[in-house]
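**Q** Sharing a structure below in C-alpha cells format, with a few things to ask.
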Amino acid sequence: EETEQDRAFQERIDRKEKIEPKDWMPEGYRKTLIRQIGQHAHSEIVGQLPEGNWITRAPTLERKAILLAKVQDEAGHGLYLYCAAETLGISRDEMTEMLLDGRMKYSSIFNYPTLTWADMGAVGWLVDGAAIMNQVPLQRTSYGPYARAMVRICKEESFHQRQGFDIMMKMAQGTTAQKKMAQDALDRFWFPSLMMFGPSDKDSVHSAQSMAWKIKMNTNDELRQKFVDQTVPQAEYLGLTVPDPDLRWNEETGHYDFTEPDWSEFMDVIKGNGPCNADRIEARKKAWDDGAWVREGLMAHAEKRRAARVA
Ligand code: FAQ
C-alpha cells in the first residue's frame, strides 16, 4: 500500500531531484542503496586482489608504477563508496562483517584468476571497460552521495581502461608468444566480463524497482549490449578474436548479435563456488584480522583525545 509519503518521494525522483542523506526515504530505497553501494564498495576492495597479484611481477618499472597507482585508485574508490553507504545508516564494520560471512556480495568477475601479464591488460580493458559502461549512467543516479562519488570514480576508471588497452596493444603487436598470451586472456575474460552486468533482464529481480527509483538508470541487458557494441571493434583493432562464433553485426538492429554467457556458471560463482571465491574471502578476512590492532589503536587514541578535551 503506497502512502502519501511514498507518492511524494516518487514525485521528487521523477522530477530528477537528488535525495540527500537526511531526507525522508522509503525503507526499501535505503536498503537497496546499501546493498548496491556496499556491494560496489566491496567489489573495488576485493578487485584489488587479482591485479595486486602482478605488482611484484610487472615487466618494467614503468608498468609496475602504473599498476601500483591503479590498484591504489581502486582502494580509494572502495573507501569513497563505503562513506556513501555510511550516510544511509550502516557502518563500514558492519558491511565488512556482512561481506566476510557471505551476507553481502562483490562482483562475480573478481573470482577469476589472473594467470599471465596479459590478464592485466584484459582486466583493464574489459573489466574496467564494463565497470565504466555501468557507472557513467550512475553519475545521474537519484541518491546524491552515490552520484557524486561516481563522477571522480569514472574519471579514474577511464584512465584504467586506457592503460589496460595499452597493455593489450603492446602484447598484440609483440612476439607470437605475446600475441597468443593476449588472445588467451581475451578468451578467458570475455564471458566473465559480460556477466558483470548481472543476469538477463527477465531474471533480474531488482531492476524494475531500482529503475523506478533511479538507483539504476539502465537495465542489465541494455548495458551489456552497449559494452559488446563498443568492445568488438576494439578487439578487431587489436587483431584479436572475440571467443564467440555467433558474434555478428546485425544491420537491422544496428547492434552486434552475441552469445549470452553461461548463466549457470554465473549463478555458481555468485553462490561462492567460483574458482577464487574462497581465496578472495580468506584474503579479506586475513587483512581484516591483521588490521584489528590498527583499528583498536585509533579508537584508543580518539578516546584519549576526547577525554583530554572534556577535562
Ligand atoms: N556479481 O536483480 P539483479 C569495479 C546479483 S566494477 C555478483 O540484476 P541489481 C571496478 C545481485 O546482487 C564492479 N552478483 O541485481 C573495478 C542480486 O543478488 P542479491 C562493481 C551479482 O543489483 C575494476 C542478483 O544477482 N560494480 O569493481 C552480479 O539490480 C577493476 C540479481 O541481480 C558495481 O557494483 C555480479 N556481476 O543489478 C575494480 C556497479 N550481478 O543482491 C577493480 C553498481 C548481479 O539480491 C578492478 N551495481 N548480481 O543477493 C549495479 O549496477 C548493480 O548492482 C548490478 C546488478 C548491475 C551489478
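**Q** Being of a type in the set (A, V, I, L, M) and in contact with a strand residue (DSSP E or B) (Cβ under 7 Å, 6 or more places away or on another chain), is that true of even one residue in the range 238-254?
**A** Of the range 238-254, the ones of a type in the set (A, V, I, L, M) are 238, 240, 242, 247.
Retained after the next criterion (residues that are in contact with a strand residue (DSSP E or B) (Cβ under 7 Å, 6 or more places away or on another chain)): 247.
Looking through the range 238-254, at least one residue is of a type in the set (A, V, I, L, M) and in contact with a strand residue (DSSP E or B) (Cβ under 7 Å, 6 or more places away or on another chain).
**Q** Can we say Glu265 is among the charged types (D, E, K, R), in a helix (DSSP H, G or I) and open to solvent by 100 Å² or more (accessible area, probe 1.4 Å)?
**A** no
**Q** Can we say Ala185 is touching a Leu at 6+ places or on another chain (Cβ under 6 Å) and farther than 27 Å from Asp23 by Cβ?
**A** Answer is no for this residue.
**Q** So which residues in the range 203-255 are open to solvent by less than 40 Å² (accessible area, probe 1.4 Å), among the acidic types (Asp, Glu) and assigned to a loop (DSSP other than H, G, I, E, B), if there are any at all?
**A** Asp244
**Q** Those residues that are small (Gly, Ala, Ser), closer than 28 Å to Lys271 by Cβ and more than 10 Å from the ligand (Cβ to nearest atom), I need them from the range 103-144; list them, please.
**A** Kept after step one, since they are small (Gly, Ala, Ser), are these residues of the range 103-144: 107-108, 118, 121-122, 124, 129-131, 142, 144.
Checking the rest, the ones that are also closer than 28 Å to Lys271 by Cβ come to 107-108, 122, 124, 129-131.
Passing the criteria: only Ala122.
**Q** Would you confirm whether any residue within the range 125-132 is surrounded by fewer than 23 Cβ atoms within 10 Å (Cβ to Cβ) and under 30 Å from Leu68 (Cβ atoms)?
**A** yes
**Q** When you go through Leu81, Leu100, Leu67 one by one, which is the residue that is away from the ligand (no atom under 12 Å from the Cβ) and touching a helix residue (DSSP H, G or I) at 6+ places or on another chain (Cβ under 7 Å)?
**A** It is Leu100.
**Q** Does any residue in the range 96-118 that is among the hydroxyl-bearing types (Ser, Thr, Tyr) and in a helix (DSSP H, G or I) come within less than 7 Å, Cβ to Cβ, of a residue that is within 14 Å of the ligand (Cβ to nearest atom) and open to solvent by 20 Å² or more (accessible area, probe 1.4 Å) six or more places away or on a different chain, and which pairs are these?
**A** Ser108/Met196; Ser108/Ile270
**Q** Moving on to the next point. Are any of the residues in the range 165-172 away from the ligand (no atom under 12 Å from the Cβ) and under 20 Å from the mean Cα position of the chain (by Cα)?
**A** Among the residues of the range 165-172, at least one is away from the ligand (no atom under 12 Å from the Cβ) and under 20 Å from the mean Cα position of the chain (by Cα), which makes the answer yes.
**Q** Follow-up. Would you call Tyr80 of a type in the set (Phe, Trp, Tyr) and not in a helix (DSSP H, G or I)?
**A** no
**Q** Shifting gears a bit: Out of Ala122, Ala177, I need the residue that is assigned to a helix (DSSP H, G or I) and in contact (Cβ under 8 Å) with a residue 40 or more places away in the chain. Which one? Full working, then the answer.
**A** Values: Ala177 fails: in contact (Cβ under 8 Å) with a residue 40 or more places away in the chain.
Of Ala122, Ala177, the one residue that is assigned to a helix (DSSP H, G or I) and in contact (Cβ under 8 Å) with a residue 40 or more places away in the chain is Ala122.
**Q** So which of Trp190, Trp293 ends up being in a helix (DSSP H, G or I) and open to solvent by 40 Å² or more (accessible area, probe 1.4 Å)?
**A** Residue meeting the stated conditions: Trp293.
**Q** Is there a residue in the range 24-46 that is closer than 21 Å to Tyr112 by Cβ, of a type in the set (Gly, Ala, Ser) and not in a loop (DSSP other than H, G, I, E, B)? Even if it seems obvious, please write down each step before you answer.
**A** Taking the range 24-46 first, the residues closer than 21 Å to Tyr112 by Cβ are 39-46.
When the remaining residues are screened for being of a type in the set (Gly, Ala, Ser), the result is 41, 43.
Cutting the leftovers down to not in a loop (DSSP other than H, G, I, E, B) gives us 41, 43.
Taking every residue of the range 24-46 in turn, at least one turns out to be closer than 21 Å to Tyr112 by Cβ, of a type in the set (Gly, Ala, Ser) and not in a loop (DSSP other than H, G, I, E, B).
**Q** Turning to a different aspect of this structure: Testing Leu88 on (1) assigned to a helix (DSSP H, G or I); (2) buried (at least 16 other Cβ atoms within 10 Å of the Cβ), one condition comes back false. Which one is that?
**A** (1)
**Q** Quick check, is Arg92 more than 12 Å from the ligand (Cβ to nearest atom) and over 30 Å from Lys22 (Cβ atoms)?
**A** no
The values are calculated or read from the model by the stated rules, or taken from the named source; none is laboratory data. These numbers were taken from a predicted model, which means no experiment stands behind them. Neighbour counts run over all protein chains shown; Cβ positions are idealised from the backbone, glycine included. Heavy atoms of the whole protein, side chains included, go into the accessibility calculation; ligands, DNA and RNA do not. Shrake-Rupley method; radii C 1.70, N 1.55, O 1.52, S 1.80 Å.
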